[in-house]
Number of protein chains: 2
Amino acid sequence: MPSPSIGEREREILTAIVETFIATGEPVGSRTLSRSNREGLSPASIRNVMADLSDAGYLEQPHTSAGRVPTPEAYRYYVEQLTGKARLSHESESIIQDSFHGITDVQEFMERTSHVLSLISHNVGVAMATTGPRNALEHVYFSRLGDQKVLAVVVTKSGLVRDRVLRLDISQADLDLAARYINDNFRGWTMEAMRAELARRIEQERSEYDRLMKSIEQLYNQGALATEQPSQAVYVEGASNLVANEQDRQHLQELLKTLEEKQKIVELLGAYLDTKQEAVRVVIGLDEALPSMRNFVLIGAPARVGDEVMGSLAVIGPTRIDYQHTMTAVSYIARLFDKILNESE
Amino acid sequence: MPSPSIGEREREILTAIVETFIATGEPVGSRTLSRSNREGLSPASIRNVMADLSDAGYLEQPHTSAGRVPTPEAYRYYVEQLTGKARLSHESESIIQDSFHGITDVQEFMERTSHVLSLISHNVGVAMATTGPRNALEHVYFSRLGDQKVLAVVVTKSGLVRDRVLRLDISQADLDLAARYINDNFRGWTMEAMRAELARRIEQERSEYDRLMKSIEQLYNQGALATEQPSQAVYVEGASNLVANEQDRQHLQELLKTLEEKQKIVELLGAYLDTKQEAVRVVIGLDEALPSMRNFVLIGAPARVGDEVMGSLAVIGPTRIDYQHTMTAVSYIARLFDKILNESE
DNA sequence: AAAAGCACTCCCCTTGCCAGAGTGCTAATG
DNA sequence: CATTAGCACTCTGGCAAGGGGAGTGCTTTT
C-alpha cells in the first residue's frame, strides 16, 4: 500500500479533479483535465499521477474505462487546503443584508438563517437554537387558563421562550407563589442545575405538608420547567433543492424523510457543532451517523454570542457542493449572529 | 354537446373506471374493465358507454388507442356519490389512538395531526391553528428582559400562545400597568376588536400626556398584540411521500417548494376550510389557486370546538388518492379534536 | 521523466422491430 | 333496438443490436 507523499503536482491535479467534478458531476478523465490545465501536461502524464492518487485512496472509478471520481478522502484534503480568504458574492451579501432586518430574538434569527442559507447555497439550510439544559434561567411565569389548564412560560437569559399548556388544577394565587419562589431562588441558574436542586428540595419536603412545594412538584412533574422544544426549535429549509441534484429517487425519498425527522437533525447539529470554536466546520461522510445521508456533507458553525454557544447553523448538501462559497456564507452569518445579538443586549 | 343524463349503467362504469385508475394509475381500457366487472358486459358495450362519458367530459384519452383517464369532473362525481359510511381501518385507528395521548393544547394537537394524517394517508398531512383576528383574548403578559428588550406573551381563549421579543425600553412597572389595563378592559374581546379600540384610544389621548397610553402605544406599534404567527402555526408533514407518487421531477420540485412556503398553505386552508360546516370537504382542482398543485386535491375539515372554528386539518394528495379512507380519517380526527379539547375546558 | 501510440473496455445513445393493449366502426345477433 | 363480435388501425414500451465516444493501461519513443 504505497502512501505516496502528495507533492505539488499531485496536489494541483487532485484539486483540479475535485473542482471539475464539482462543476460537472461527471467522472473526469485525463484528456479533459489536460485541456483545462494551464501548464500543458499531456493526458498520459496525468494518467500516471491519477493512478498514484487512486492507489492512495483519493480517487475511484465507477467502472473500468470511466473517468475518476473523488473519494471522501479527496474532499477532506481539498477542503483542508482551501485558503478560506474568499469574499462573499455581492448577490449573496445583499440577500443576507435584506433578510436580517429588525431581528430581535433568537428564534426569528434562526428561522431566517435556515431560509437564507438554503437560498444562497441552493441546498438545505438548517438552524437551531440550543434549548439544552445549559441555558440560564431568566424567569418563569404561570397563568391559569380555563378549568384545569395552566399556561407555563419559561424564559432563558438567551431570550428563548418556551410555553406549554399543562393540565393542572392550581389556583392563580398558588401559581404566583410558585413562580415567585422559582424566580427569586433560581434566576441565573442553568436549567439543569435548577431542575436538579428543585428535585432535591421536593424530595426533602415530601413528608411535610408544604403547600408551595406541592404546587411546584405538580408543575415540575408536568414538565413546566423543561426547555426542550420537541420539534419547533430547529428550522429546515430548502428541501426542494435536493430534487434538482439528487438523481436516485430512492435516495431522495430517504433524504427527505430524514430531514422531516427534526430529532435526527438536532442530534446531528448537536454532535458536530456544539463547540466553542469559532471556525466553520466541514463534516464529510455524514452516512456514519445517518445512513440516508450518504454522499452528503455538512458545512456549519456554532451560533455564539460572545463566548456562549446559543445554537448552530449549517448547510447540508451533496459532496459536490461549492465548498468555498458555502463556507464563506456560513461564516458570515455566524459572525452576524454574534453582532446582532450582542448589540441588542 | 350531448349532455347525457347519467343513468345507472353509466354511473357504475364511471365509478369502476375511477376506482381502477386510482388503484393502478394506468389508463383503463374496455377489456380490463369488462373482466373485472361483476355483471359481464362485453368490451364493446363498455366502449359505447365510455364514448358517451368522454363526450360528457368525464373521461380523457392520453392519446388515441390508450385507455381512458378520469377528468376532475369524474372525480367530483365519484366523491359525490360516495356513501361516506365507511369505517376506519383498525391499523389507522390504532395509529390515531396512540398519537393523541395526553394532548392539552391546540398547537400540540395540530402538530400531531399533520403527522398522523401523513402517516395514514401516505400523503402530505397539514394542520393549522387559526391565529386570525377573530380569536378572543384571554390575557397578555409583558416582561422586561435585558436592556431594551421586552417579552410579550398573548394568550387567546382558545389556548393559543404567541410570544415575541420586542426592542423597547419600558420599565417593568409600566409594563405591569399596561398589561393590567389591557387585561381588565379587553378580556374576552376579539383580537380584532381590541386592536381597533386600542388604536382609537391611543389616537384620542395622543395630545395629553398619559404615561400609560404612551407605553401601550409603543407596545402596539411593535406588534406586541398581533397574533399572526408567520410560519409557525401551520404544520406540514409527509412531503417525502410525494417522491414515491409523483413521476415528473419538475413538478415534484415545484410541489415541494410550494409546501415549504407556509404562507401559501395558510391561504389555501383558509380559503376552503374556514367554515362552520362540520362536513369533510374535498377540493378537486387545486391548480386554480396554486398552479404547482395541478392534479392535486385537498381533503380537509375545519377543526372546531363546539361551534367555534379553531383551525383546520387536511390531507393534500394526488387526484388518485384513496378518497374514502382519507375522508374517513380526516373526519375522525376532526371529531376527536372537538372531543379532546371540549373535555379539557 | 514526459509524451505518444495502441489495443482494449465499457457506457450509452440511436435505431429498428415487435408484441400488446386499446380504439372506432360496421356487421351480425337475440 | 340494444348488445356483441369482428376487423383494421394506432400508439406505446420494451428489447436487442450496433456504433461512436471517452477513457484506461501498457509499451515505446523522445
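The values are calculated or read from the model by the stated rules, or taken from the named source; none is laboratory data. Just so we're clear, the structure is a prediction, and the values are computed from it rather than from any experiment. FYI the Cβ positions are ideal-geometry reconstructions off the backbone, even for glycines, and counts take in every protein chain you see.
In table form, for the structure just shown:
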read-out	value
Residue among A:ARG195, A:ARG200, A:ARG187 that is buried (at least 17 other Cβ atoms within 10 Å of the Cβ) and basic (Lys, Arg)	A:ARG195
Single residue of region A:149-172 satisfying the filter (more than 24 Å from the chain's Cα centre (by Cα), of a type in the set (D, E, K, R) and part of a strand (DSSP E or B)) that is nearest to A:HIS139 (Cα to Cα)	A:ARG164
Given (1) within 26 Å of B:ILE284 (Cα to Cα); (2) surrounded by 15 or more Cβ atoms within 10 Å (Cβ to Cβ); (3) away from DNA strand D (no atom under 11 Å from the Cβ), number of the condition B:THR32 does not satisfy	(1)
Conditions (1) assigned to a helix (DSSP H, G or I); (2) surrounded by fewer than 23 Cβ atoms within 10 Å (Cβ to Cβ); (3) in contact with a strand residue (DSSP E or B) (Cβ under 9 Å, 6 or more places away or on another chain); number of the one not met by B:ASP98	(3)
Check on B:ALA271, more than 10 Å from every other protein chain (Cβ to nearest Cβ) and surrounded by fewer than 21 Cβ atoms within 10 Å (Cβ to Cβ)	yes
Residue match in region B:56-73 (condition: away from DNA strand C (no atom under 16 Å from the Cβ), in a loop (DSSP other than H, G, I, E, B), among the polar types (S, T, N, Q) and within 28 Å of B:ALA279 (Cβ to Cβ))	no
Qualifying residue in region B:266-284 (condition: within 22 Å of B:THR24 (Cα to Cα) and touching a residue at least 40 places away in the same chain (Cβ under 8 Å))	yes
In region A:54-64, the residues that are crowded, with 20+ Cβ neighbours inside 10 Å and near DNA strand D (Cβ under 10 Å from one of its atoms)	A:LEU59
When residues of region A:125-157 are limited to those that are of a type outside the set (A, V, I, L, M), touching a helix residue (DSSP H, G or I) at 6+ places or on another chain (Cβ under 6 Å) and touching a residue at least 60 places away in the same chain (Cβ under 8 Å), the one farthest from the other protein chains (Cβ to nearest Cβ)	A:PRO133
Among (1) within 30 Å of B:TYR323 (Cα to Cα); (2) buried (at least 21 other Cβ atoms within 10 Å of the Cβ); (3) modelled with pLDDT of 90 or more; (4) of a type in the set (A, V, I, L, M, F, W, C), the one test that B:ILE103 misses	(3)
Sole residue being surrounded by 19 or more Cβ atoms within 10 Å (Cβ to Cβ), assigned to a helix (DSSP H, G or I), in contact with a Leu (Cβ under 9 Å, 6 or more places away or on another chain) and at the interface with another protein chain (Cβ under 8 Å from one of its Cβ atoms), chosen from B:LEU252, B:LEU242, B:LEU219	B:LEU252
Within region B:161-194, considering residues that are in contact with a Gly (Cβ under 9 Å, 6 or more places away or on another chain) and among the hydrophobic types (A, V, I, L, M, F, W, C), the one farthest from the other protein chains (Cβ to nearest Cβ)	B:MET191
Residue match in region B:44-53 (condition: touching a strand residue (DSSP E or B) at 6+ places or on another chain (Cβ under 8 Å), away from chain A (no Cβ under 14 Å) and either part of a loop (DSSP other than H, G, I, E, B) or within 15 Å of DNA strand D (Cβ to nearest atom) (or both))	yes
Among the candidates A:ILE321, A:ILE299, A:ILE316, residue that is modelled with pLDDT of 95 or more, over 14 Å from the mean Cα position of the chain (by Cα), aliphatic (A, V, I, L, M) and within 18 Å of A:TYR75 (Cα to Cα)	A:ILE321
Failed item, numbered, when B:GLU12 is tested on (1) at negative phi; (2) within 10 Å of DNA strand C (Cβ to nearest atom)	(2)
Boolean, B:GLY67 is within 11 Å of DNA strand D (Cβ to nearest atom), over 22 Å from B:ASP322 (Cα atoms), of a type in the set (Gly, Ala, Ser) and away from chain A (no Cβ under 14 Å)	no
From A:ILE22, A:ILE6, residue being surrounded by 15 or more Cβ atoms within 10 Å (Cβ to Cβ) and modelled with pLDDT under 90	A:ILE6
Selected residue (criterion: surrounded by the fewest Cβ atoms within 10 Å (Cβ to Cβ)) from residues of region A:274-308 that are of a type outside the set (A, V, I, L, M, F, W, C) and within 14 Å of chain B (Cβ to nearest Cβ)	A:GLY306
Any chance A:ILE96 is among the β-branched types (Val, Ile, Thr) and away from chain B (no Cβ under 14 Å)	yes
Residues satisfying the stated conditions in region A:15-43, i.e. among the acidic types (Asp, Glu) and part of a helix (DSSP H, G or I)	A:GLU19
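Each row is one residue, and each column tells you yes or no for (1) hydrophobic (A, V, I, L, M, F, W, C); (2) in contact with a helix residue (DSSP H, G or I) (Cβ under 9 Å, 6 or more places away or on another chain).
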| position | (1), (2) |
| --- | --- |
| A:GLU208 | no, no |
| A:GLU217 | no, yes |
| A:LEU242 | yes, yes |
| A:GLN247 | no, no |
| A:GLN253 | no, yes |
| A:THR258 | no, yes |
| A:LYS262 | no, no |
| A:GLU267 | no, no |
| A:THR275 | no, no |
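A quick yes/no check of all residues on (1) over 30 Å from A:ALA334 (Cα atoms); (2) under 23 Å from the mean Cα position of the chain (by Cα):
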site: A:LEU33; (1), (2): yes, no
site: A:GLU60; (1), (2): yes, no
site: A:THR64; (1), (2): yes, no
site: A:PRO70; (1), (2): no, no
site: A:TYR77; (1), (2): no, yes
